[in-house]
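Student: First the structure, which I've put down as structure tokens, then a few questions once you've had a look.
The values are calculated or read from the model by the stated rules, or taken from the named source; none is laboratory data. Since the model is a prediction, treat every value here as computed from it, not as a measurement. No Cβ is skipped: glycine too gets one built from the backbone with ideal geometry, and neighbour counts run over all protein chains shown. With ligands, DNA and RNA removed, areas are computed over all heavy atoms of the protein, side chains included. Shrake-Rupley method; radii C 1.70, N 1.55, O 1.52, S 1.80 Å.
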Amino acid sequence: MITDAMGLILADNRRIQLGALTEPRAIAAIPFAGRFRIIDFTLSNMVNSGIKRVGVVALTKYKSLMDHMGTGAPWDLDRMRQGLYMIPPYINPITREPDRTDAQSVIDYVKTGDQRYVVISGSAFVTNTSYKPLIKTHIESRADITILYHKDGPIDGPLAMALELDDDGYVRDLMVDYPRSTSQNYAVGLIVISRNLLLQLLAEMMARGIADFSILGILQNYKRFRVQAVKLEEPLLRIHSVASYFDASMKVLDTEIRHKLFDVDRPVYTKAKNRAPCIVAPGSGVVKNVLASDGCAIMGHVENSILFRGCVIGRGARVTNSVLFQDVQISEGVVLDHVIIDKNSVVKMDGRLLGHPGFPIVIEKNAIV
Amino acid sequence: MAKQEIIAMILAGGQGSRLGVLTELVAKPAVPFGSRYRIMDFPLSNCTNSGIEAVGVLTQYQPLELNSYIGNGHSWDLDRNNGGTYILPPYLSQVGNDWYKGTANAIYQNIPFIDSYDPKYVLILSGDHIYKMDYLKMVESHIQNEAEATIAVIEVPWEEASRFGIMNTDETGRVVEFEEKPAKPKNNLASMGIYCFSWKVLRESLILDEANPDSRNDFGANVIPGMIDAGYDVFTYSFDGYWKDVGTISSLWESNMDLLNDPTLINLRDTSWTIYSRNPQRPSHYFGPNSKVENTAITDGSEIFGECHGTIVSYNVVVEEGAVVTDSILMPGSYVESGAVLTRCIVGMDTRVERNVRATPDEKDGVDLFVNDKLCKDGITVFAPNLIIKEGTKIVGNSMIGAEHARSHPQYFEEVPHYSRMEVSL
């Protein structure tokens, strides 16, 4: 069956910032699980669901995202018809300032597609699922908007969008950040809507001068429309803070969760890097419960950690409960515990960095410690 | 087509019969190598890194896997508007049809392809060598010598020289004599099977060679000696890097082990000369909570719960807890169950080694029915792709297990369909 839907991924979220990790990049471009970025998951879900036209809405700092997306070839989105569309904000031709809304560029993208439905995805979650059943339910039920939800809310609170559902699975109430919520239904951050209704809502937003195009913005209209909810059964990892990023990363070490996140039938695609195989050197320390990637050279002791491509762990170094991004170098004798180190950083001889599970230390990109 | 000054032709049609069961269903260049590569990645990446943009790949023997691996050449940046990779199988024509009779005949049959680029120089490369080489330097030396043919040579140990094609040169480096496997070699400069020709001269020589009914239509045996005899300017180009013909089980195993024992021999981490390959779309590799891994190379999509020592682990491999793998090569998609002990083994793609299987060089009570001393030496045992080695089977070293043994000895082995390999292992 041909999927009559286009995709729209919101790569930024004005409400979600992950400190040093989102300083150089959009949230969708944050590296995750050793060789991926957050956007790879929802984008691969779309492609694996038969979606052949995907727009990626970027707001700021989109260089990293653009580098990653390229022509869209890793996702088979380098097409003559359809394919990948990057949607950065327009600059106002008169004031030379960024336009106050993202909406015009989004309207242009949605208008030029000929699919009848749009799957809009945020970037604050990681899951591996097919969106096909969701789209199918949306079409068959004739709901105005269909929203994906999961039983688990965010671990540490912010941006929990709790849903109260009636017996037919329609949304009766929707509450954001309500502290006393006892809900078992939390929005994932992904909806299906018809192209025409989306264009109507976008036009209303523009007319009212609302500057922020977001899934929350659309759902605020829930009382005017028939909003239906469909449950996500696959594991969901929410990423909306440094602590939740760390927690989600550690969950990938769980073999059962990892196998579901990397379902063989629904591959997660990403940009190729062609690094040499990872080498665990003779006489290295213990390497256990570790997710490592091509190009790594492990001479030290690594436990309960994630190593992105090209990490070097020096002799006698001890890395536990940490996440090291691409090309991080850990010199001899260094001790790390509960640390997230961004790309290309170096921790020099005998450095010690000890964080806490709830408050991992974050070292910024290109740092020398 | 627009002109290309240099084009490369890679000979990838050979069977590689000395690799036995590993090349039963795939051409030698498609055999996995070094955890994340296929042998073919080396000449293809050398072309890309040398700036060569048009590459013909001559296939003949079991080409399906090789063709699908190369695809449109995208993985090596060889999907181009002008040039790129071309798979060139033998074809039918009005005047009859021919398989490629020899290396020279393969190029002869593709004269129209080469002509369409109107090149000045043609490189003839082999699809079964492991090396990093800047072909442009060889072409530069060819131009400087005003040569009509240039043959890449490498110094080999004197005692091994009689196994190679040996080049005897005068003081200017001009080749005066070519001896194929001489009993008493006069020097130790061996031909690497890598040639650079001026196309005009090669074109004429190929037509002459084809017209000679006594010729085997082989570069080493006929075309090059013919060019030397005819007085053409044939020069050598000395290469002093790592080069290995991985045509035998022992050399394939050794070359893989070189990556562990001395990673500087062929430095795969050198980003100025990246060896490209198809990238499997799999997660990073995982070391389990009780794994013991040292002196091991490993790549994406694999999971190690047991022990690996001195081992090359390819993509999508699983080693269960309680399994011990030593000095071995686990090819893509292979699976080693708990309690299995493998030493000096090469496990083919998608082969499953069940619980408590033992295959070590001096295995006590091991079955010795499958020893193949002709192909397997030094205690190395080879399991073909797509087999199940059944629970508890014990095998002595120097064994070679293929699909035929699954049919003759179903108590030990089983054959599995390999329909899924393209999707899962690529």
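Student: On C-alpha positions alone, give me the angle between the axis of helix A:38-48 and the longest principal axis of chain A, in degrees, nearest 10.
Tutor: Value to nearest ten degrees: 50.
Student: Compute the accessible area of each residue in segment B:245-279 twice, once for its chain alone and once with every protein chain present, using a 1.4 Å probe on heavy atoms, and list those whose area falls by at least 30 Å².
Tutor: So the qualifying set is B:ARG269, B:ASN279.
Student: Taking the full set of protein chains and a 1.4 angstrom probe, give the accessible area of A:ARG315 in square angstrom, rounded to the nearest 10.
Tutor: Surface open to solvent at A:ARG315 totals about 110 Å².
Student: Figure the gain on full extension for A:LYS61 and A:ASP152 (residue separation times 0.36 nm, minus the Cα-Cα span) and round it to one decimal in nm.
Tutor: Length gained, A:LYS61 through A:ASP152: 29.7 nm.
Student: Next question, about the same structure. Of all the accessible heavy-atom surface of segment A:273-366, with the other protein chains kept in place and a 1.4 Å probe, what percent is carbon and sulfur?
Tutor: So the carbon and sulfur contribution to the accessible surface is 51 percent.
Student: With all protein chains present and a 1.4 Å probe, how do A:MET1, A:MET205, A:MET349 order by accessible area, largest first?
Tutor: Correct descending sequence by accessible area is A:MET1, A:MET349, A:MET205.
Student: Where the centre of each part is set by its Cα atoms, how far does segment B:346-417 sit from segment B:146-169, in angstrom?
Tutor: Spelled out, the Cα-based centre of one part sits 38 Å from the other.
Student: Can you give me the accessible area per residue for the protein assembly as shown, using a 1.4 Å probe, in Å²?
Tutor: 40 Å²
Student: Treating cross-link reach as a plain straight distance, find the lysines whose alpha-carbon is under 25 Å from the alpha-carbon of A:LYS223, omitting any fewer than eight places away in the same chain.
Tutor: The reachable lysines, counting only those whose Cα sits under 25 Å from A:LYS223, are A:LYS136, A:LYS151, A:LYS231.
Student: Applying 1/(1 + (r/R0)^6) with R0 = 45 Å to the Cβ-Cβ distance of A:ILE257 and B:LEU369, what FRET efficiency is obtained, to the nearest 0.05?
Tutor: 0.50
Student: What number, rounded to the nearest 500 deg cm²/dmol, is the helix-based mean residue ellipticity at 222 nm of the protein assembly as shown, given -39500 (n - 2.57) per DSSP H run of at least four residues and division by all its residues?
Tutor: -5500 deg cm²/dmol
Student: Label A:ILE2 and B:ALA183 with points 7 Å out from Cα along Cα→Cβ: what is the distance between them in nm?
Tutor: 7.4 nm
Student: If R0 is 56 Å, what FRET efficiency do you get for B:GLU321 and A:MET206 from their C-beta distance, rounded to 0.05?
Tutor: Efficiency for this residue pair is about 0.40.
Student: Beta carbons within 10 angstrom, averaged per residue: use that to sort the peptides A:129-137, B:36-44, A:24-32, A:324-332, highest first.
Tutor: Descending packing order for the listed peptides: B:36-44, A:24-32, A:324-332, A:129-137.
Student: How big is the A-B contact in terms of buried accessible area, both chains counted, 1.4 Å probe, rounded to the nearest 100 Å²?
Tutor: 2900 Å²
Student: On alpha carbon coordinates alone, what is the Rg over Rh value for the protein assembly as shown, Rh being the Kirkwood radius?
Tutor: Taking Rh as the inverse mean 1/r over Cα pairs, Rg/Rh reads 1.02.
Student: Peptide B:305-313: average number of partner chain Cβ atoms within 10 Å per residue?
Tutor: 1
Student: Per-residue HN-Hα couplings for segment A:49-61, Karplus 6.51 cos²θ - 1.76 cosθ + 1.60 at θ = phi - 60°, whole Hz, x for Gly and Pro?
Tutor: Values per residue, Gly and Pro as x: 9, x, 7, 10, 9, 10, x, 10, 8, 10, 10, 9, 6 Hz.
Student: My understanding is that a pair violates if its Cα-Cα distance is over 30 Å; which of A:LYS111/A:LYS260; A:LYS251/A:LYS273; B:LYS137/B:LYS200 do that in this structure?
Tutor: Going by Cα-Cα distance, A:LYS111/A:LYS260 fall outside the 30 Å limit.
Student: Strictly over 20 Å apart at the Cα level, which of A:LYS61/A:LYS348; A:LYS63/A:LYS271; B:LYS181/B:LYS244 would you flag in this model?
Tutor: Correct reply: A:LYS61/A:LYS348.
Student: How far, in degrees from 0 to 90, does helix A:103-112 lean away from the longest principal axis of the Cα atoms of chain A, to the nearest 10?
Tutor: Rounded to the nearest ten degrees, it is 70.
Student: If you wrap a convex hull around the alpha carbons of segment A:263-333, what volume per residue comes out, as a whole number of Å³?
Tutor: Roughly 94 Å³ of hull volume per residue.
Student: Put a dot 7 Å past each Cα toward the Cβ at A:LYS273 and A:ARG14; how far apart are the dots in nm?
Tutor: So the two model labels end up 3.4 nm from each other.
Student: Angle between the Cα long axis of helix A:242-252 and the longest principal axis of chain A, 0 to 90 degrees, nearest 10?
Tutor: Between the helix axis and the principal axis of chain A, the angle is about 80 degrees.
Student: Evaluate the Debye formula for segment B:1-43 with equal point scatterers sitting on the alpha carbons, no solvent, and hand back log10 of I(q)/I(0) at q = 0.23, 0.26, 0.28 Å⁻¹, in q order, two decimals.
Tutor: Ignoring solvent entirely, the Cα scatterers give -0.79, -0.92, -1.00.
Student: Can you give me the P(r) profile for segment A:125-244? Cα pairs, bins 5 angstrom wide beginning at 0, each as a whole percent.
Tutor: Per 5 Å bin, starting at 0, the Cα pair percentages come out as 2, 11, 21, 22, 21, 14, 7, 1.
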